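**Student:** There's a structure below that I have some questions on.
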Amino acid sequence: MRLLLVEDEQELAAQLIRRLQDEGFVVDHADDGPGGLHFATDYPVDLAIVDLGLPGFSGLELIERLRAGGSRLPVLILTARQAWQDRVAGLEAGADDYLGKPFRMEELLARVNALLRRVGGWAHPVLEAGPLALDTRSQSASLRGQALDLTAYEYRLLAYLMHHPQTVVSKSELTEHLYPDDSDRDSNVIEVFIRRLRQKLDPDGDLQPIETLRGRGYCFRLGADRA
Amino acid sequence: MTPSLQRRLLVVASLVLMAFLGATGMALDQAFRTSLIQAQKDRLQGFLYTLMAGADVTDGELRIPDDLPEGRFHQIGSGLYAVVLDEHGETTWRSRSLIGRELTVDRVLPPGERDFYLAELNDDRLVGLAYGLSWEDPEAGRGEFTLHVAEAIAFRVQERAAYRRSLWGWLGGAAIGLLLAQILVLRWGLRPLRRVARDLSLIERGDKSALDGRYPREIQGLTDRLNQLIRGERERTERYRNSLADLAHSLKTPLAVLRTSLEADSSRPPTPETMDQIDRIHATVDYQLGRAALAGPPRFGESTRIQPLARRIVDTLPKTRAGGPPEIELVCPDEMRFPGPEGDLMEILGNLVDNACKWCHGRILLAVSSRRHRSGPQTLRICMEDDGPGVPDSERERILQRGERVDESRPGHGIGLAMVADLARNYRGTIRIDRSPDLGGARFMLEIPMPH
């Protein structure tokens, strides 16, 4: 998952980026309104965390411009202004959630995960598809109640696919969303990870959770009756 | 309480008017009486000449023929009488109208003098004129006589009564007319003051932001000052709030840095006490600065329409709920008003709705109504209900106190409801927690007395 952090307080931004990267997110950072808008519109981010008081133009205006441009990118406001007037104004501008500073890191992560799930239509922190369950809180997966031993990359790959069920996801989209800019972008790496993931998820070959669409990408199809 | 301006002016004006009209009436009455008397004198003088013209002295006695032009002298009891006395006061002649009546006159006047007097005959009041005259006759010699003419004044009295009736009738009518005119003039004259009062109450209700009408020069100074005062008050409140918000902002950002950097240092995990202290600083900043920024009931009572604001909150806040937005019912008549600024109402509704969203299973109800107790002011009632687990009896008191949070596992540091309770107290209202009769969860009932 690729996050955009728009925060002008450098110290806080650096800590947040470190922590979010530790959690397996790819993080882009902008420290003013125009920069944030540029990242949000031109980069394949999955969610934006926006401070309201920004140089250039305010976070509120950033969100308004983003929504005016037709973007449905989930936005979480992170601000020290905690009056209800500011919250309501932020949500009216098009933000999806609101968190006041200072905050507990776990709470920020919980809200980010909740927002990401909501986009995929999942209401609970545990994403269930047939016998497969993905727990976004503990960042673990289980099959028929048995915990799966996934590496961090494998988990992120599975999480991204499960957050976009019934959707064709291209290899380039996966690299963009799961790897930072400076990482190896060889698409063969993705194929390797997909193959390993399939072996772990479906050792007997009777579930076929990830379908390969030649030349187009992959599609997570398990538990389609979930609707 | 001092009587209203209109009443004062009206009372004083009525008194002056009554004194003035009374004096006018008396003067007119007096003038009429004088003219009546003068007319009576003129008539008697006329009768005197009539008598003298027909008079004749025979054998030293003054005789008056019976064919006088004025027939009433011959008609018995006609009310017009004449008597002639000689120089010794002996009656020498009586008009026929005196037959059967005794009119005692004894005044004897020297020639050329006259005198008016009042007399009585039977029950009639008479006005009399005595006139002394001398008669020179070559044959009869010189004689002195006194001629008395008297006329009953019954008709005159009636005339005067009629005059008085009509006089006082007209004066009374004029007085009523003038008073009515006075009331109208006063109403018109005091209208600008009434308009100022009305505009002030519009400002109180929040329908107007300043006295923006055109007022007469005399009170323009007053309204200008009031406007300055109102504007100054608003600006001051605004500045105050902004600097508090800035203060909160500049305290909370370093706190966030402190917190995240402590959490980020995996080699030396923070002690629970450290985190606890940070939480306490955070809660104190939120609560004290948040509370200080609340305006409370404004001096220049502005008020806020509730419905649009409640709608905004209900449309935005619930979408942040972790389990998806609950089903929300908002019942709020259009005309409902909160007797304070928007920020305070936002704080109340925001905290209540947020709390309900946090705890409900899927349904919340926000109902705003107004009630009038038999004795006492109108009360605004804000009811927030949910279908969650409710608040146990033992916790009800506690969660309204500052910094208390019943369930530590839910986000927020529990100052929201304490803030609402504080606000309720600021507005001399109450907050009560019980069980929602319809939804089964908690019900927060806020009651705030309305001004006026």
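**Student:** State whether the residues of region B:386-393 include one that is under 30 Å from residue B:279 (Cβ atoms), within 14 Å of another protein chain (Cβ to nearest Cβ), in a loop (DSSP other than H, G, I, E, B) and without any contact (Cβ under 8 Å) to a residue 24 or more places away in the chain.
**Tutor:** no
**Student:** Sort through A:197, A:174, A:148 and tell me the only one that's more than 21 Å from the chain's Cα centre (by Cα) and either in contact (Cβ under 8 Å) with a residue 24 or more places away in the chain or closer than 21 Å to residue A:17 by Cβ (or both).
**Tutor:** Answer to the check: A:148.
**Student:** If you go through region B:238-275 one residue at a time, how many are over 19 Å from residue B:419 (Cα atoms) and more than 12 Å from every other protein chain (Cβ to nearest Cβ)?
**Tutor:** The number of residues fulfilling the criteria is 10.
**Student:** So, one more: Does residue B:32 satisfy the condition of being farther than 29 Å from residue B:190 by Cα, assigned to a helix (DSSP H, G or I) and in contact with a strand residue (DSSP E or B) (Cβ under 7 Å, 6 or more places away or on another chain)? Reasoning before the result, please.
**Tutor:** Numbers: farther than 29 Å from residue B:190 by Cα: yes; assigned to a helix (DSSP H, G or I): yes; in contact with a strand residue (DSSP E or B) (Cβ under 7 Å, 6 or more places away or on another chain): no.
It is false that residue B:32 is farther than 29 Å from residue B:190 by Cα, assigned to a helix (DSSP H, G or I) and in contact with a strand residue (DSSP E or B) (Cβ under 7 Å, 6 or more places away or on another chain).
**Student:** Here's another thing I want to ask about it. Does residue A:99 satisfy the condition of being of a type in the set (A, V, I, L, M), at the interface with another protein chain (Cβ under 9 Å from one of its Cβ atoms), out of contact with any Gly (no Cβ under 9 Å at 6 or more places or on another chain) and farther than 28 Å from residue B:265 by Cβ? Don't jump to the end; show me each part of the working.
**Tutor:** Numbers: of a type in the set (A, V, I, L, M): yes; at the interface with another protein chain (Cβ under 9 Å from one of its Cβ atoms): yes; out of contact with any Gly (no Cβ under 9 Å at 6 or more places or on another chain): yes; farther than 28 Å from residue B:265 by Cβ: no.
When the stated conditions are applied, residue A:99 does not pass them.
**Student:** In the list A:66, A:5, A:37, A:60, which residue meets the criterion of being in a strand (DSSP E or B), crowded, with 22+ Cβ neighbours inside 10 Å and modelled with pLDDT of 90 or more? Talk me through it step by step, then tell me what you get.
**Tutor:** On the way: A:66 fails: in a strand (DSSP E or B); A:37 fails: in a strand (DSSP E or B); A:60 fails: in a strand (DSSP E or B).
Matching residue, one of A:66, A:5, A:37, A:60: A:5.
**Student:** Within region A:69-87, can you find the residues that are touching an Asp or Glu at 6+ places or on another chain (Cβ under 9 Å) and either of a type outside the set (Lys, Arg) or part of a strand (DSSP E or B) (or both)? Even if it seems obvious, please write down each step before you answer.
**Tutor:** Of region A:69-87, the ones touching an Asp or Glu at 6+ places or on another chain (Cβ under 9 Å) are A:73-80, A:82-85, A:87.
Within region A:69-87, A:73, A:74, A:75, A:76, A:77, A:78, A:79, A:80, A:82, A:83, A:84, A:85 qualify.
**Student:** Still on this structure, I have one more. Please go through region B:412-452 and pick out each residue that is of a type in the set (Lys, Arg) and touching a residue at least 24 places away in the same chain (Cβ under 8 Å).
**Tutor:** Our first condition is that a residue be of a type in the set (Lys, Arg); within region B:412-452, this holds for B:425, B:428, B:432, B:435, B:443.
Selection gives B:428, B:435, B:443.
**Student:** When you scan region A:125-138, do you find a residue that is more than 21 Å from residue A:59 (Cα to Cα), surrounded by fewer than 20 Cβ atoms within 10 Å (Cβ to Cβ), at the interface with another protein chain (Cβ under 10 Å from one of its Cβ atoms) and free of Cβ contacts under 8 Å to residues at least 24 places away in the same chain, even just one?
**Tutor:** Yes - at least one qualifying residue is present in region A:125-138.
**Student:** Right, next: Name the residue that is farthest from the other protein chains (Cβ to nearest Cβ), counting only residues in region B:347-367 that are over 17 Å from residue A:88 (Cβ atoms) and crowded, with 21+ Cβ neighbours inside 10 Å.
**Tutor:** So in region B:347-367, the residues over 17 Å from residue A:88 (Cβ atoms) come out as B:359-363, B:365, B:367.
From the residues that got through so far, the ones that are crowded, with 21+ Cβ neighbours inside 10 Å too are B:360, B:365.
On the way: B:360: 15, B:365: 19 Å.
Taking the candidates together, the pick is B:365.
**Student:** Is it true that some residue in region B:354-366 is of a type in the set (S, T, N, Q) and part of a loop (DSSP other than H, G, I, E, B)?
**Tutor:** Applying the first criterion (of a type in the set (S, T, N, Q)) to region B:354-366 yields B:355.
Those left that are additionally part of a loop (DSSP other than H, G, I, E, B): none.
No.
**Student:** Output the residues belonging to region B:232-262 that are over 30 Å from residue B:279 (Cα atoms) and at pLDDT below 85. Can you show your working first?
**Tutor:** Step one: list which residues in region B:232-262 are over 30 Å from residue B:279 (Cα atoms), which gives B:232-236.
Selection gives B:233, B:234.
**Student:** Given the conditions (1) closer than 30 Å to residue B:340 by Cβ; (2) in contact (Cβ under 8 Å) with a residue 12 or more places away in the chain, which single one is not true for residue B:194?
**Tutor:** Failing condition for residue B:194: (2).
One line per residue, one yes/no per condition, for (1) at pLDDT 85 or above; (2) out of contact with any strand residue (DSSP E or B) (no Cβ under 7 Å at 6 or more places or on another chain); (3) among the basic types (Lys, Arg); (4) assigned by TED's automatic domain parsing to the domain that holds residue B:95:
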residue	(1), (2), (3), (4)
B:164	yes, yes, yes, no
B:170	yes, yes, no, no
B:173	yes, yes, no, no
B:196	yes, yes, no, no
B:203	no, yes, no, no
B:224	yes, yes, no, no
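**Student:** Here are some residues: B:302, B:335. Which one is within 23 Å of residue B:242 (Cβ to Cβ), assigned to a loop (DSSP other than H, G, I, E, B) and either acidic (Asp, Glu) or facing chain A (nearest Cβ under 10 Å) (or both)?
**Tutor:** The unique qualifying residue is B:302.
**Student:** Now for a different question. Only one of these is more than 20 Å from the chain's Cα centre (by Cα), touching a residue at least 24 places away in the same chain (Cβ under 8 Å) and away from chain B (no Cβ under 11 Å): A:90, A:69. Name it.
**Tutor:** Details: A:90 fails: away from chain B (no Cβ under 11 Å).
Every option except A:69 fails the conditions.
**Student:** Pairs, please: C-beta under 7 Å, at least 6 apart or cross-chain, first residue closer than 16 Å to residue A:161 by Cα and in region A:112-124, second among the acidic types (Asp, Glu) and at pLDDT 80 or above?
**Tutor:** Within 7 Å, the pairs are A:115/A:96; A:115/A:97; A:116/A:46.
**Student:** Just to be sure I understand the filter: pairs with C-beta atoms under 8 Å, separated by 6 or more residues or on different chains, first member in region B:309-331 and at the interface with chain A (Cβ under 7 Å from one of its Cβ atoms), second member surrounded by 16 or more Cβ atoms within 10 Å (Cβ to Cβ) and of a type in the set (Ser, Thr, Tyr). Which pairs pass?
**Tutor:** From residues that are at the interface with chain A (Cβ under 7 Å from one of its Cβ atoms), the pairs are B:320/A:98.
**Student:** Mind counting the residues in region A:93-111 that are among the basic types (Lys, Arg) and either free of Cβ contacts under 8 Å to residues at least 12 places away in the same chain or at positive phi (or both)? Walk me through it before giving the result.
**Tutor:** Restricting attention to region A:93-111, the residues satisfying the condition of being among the basic types (Lys, Arg) are A:101, A:104, A:111.
Next, only the ones that are either free of Cβ contacts under 8 Å to residues at least 12 places away in the same chain or at positive phi (or both) stay: A:104.
Summing the residues that are among the basic types (Lys, Arg) and either free of Cβ contacts under 8 Å to residues at least 12 places away in the same chain or at positive phi (or both) in region A:93-111 gives 1.
The values are calculated or read from the model by the stated rules, or taken from the named source; none is laboratory data. A quick note: this is a predicted structure, and the numbers were derived from the prediction, not measured. FYI the Cβ positions are ideal-geometry reconstructions off the backbone, even for glycines, and counts take in every protein chain you see.
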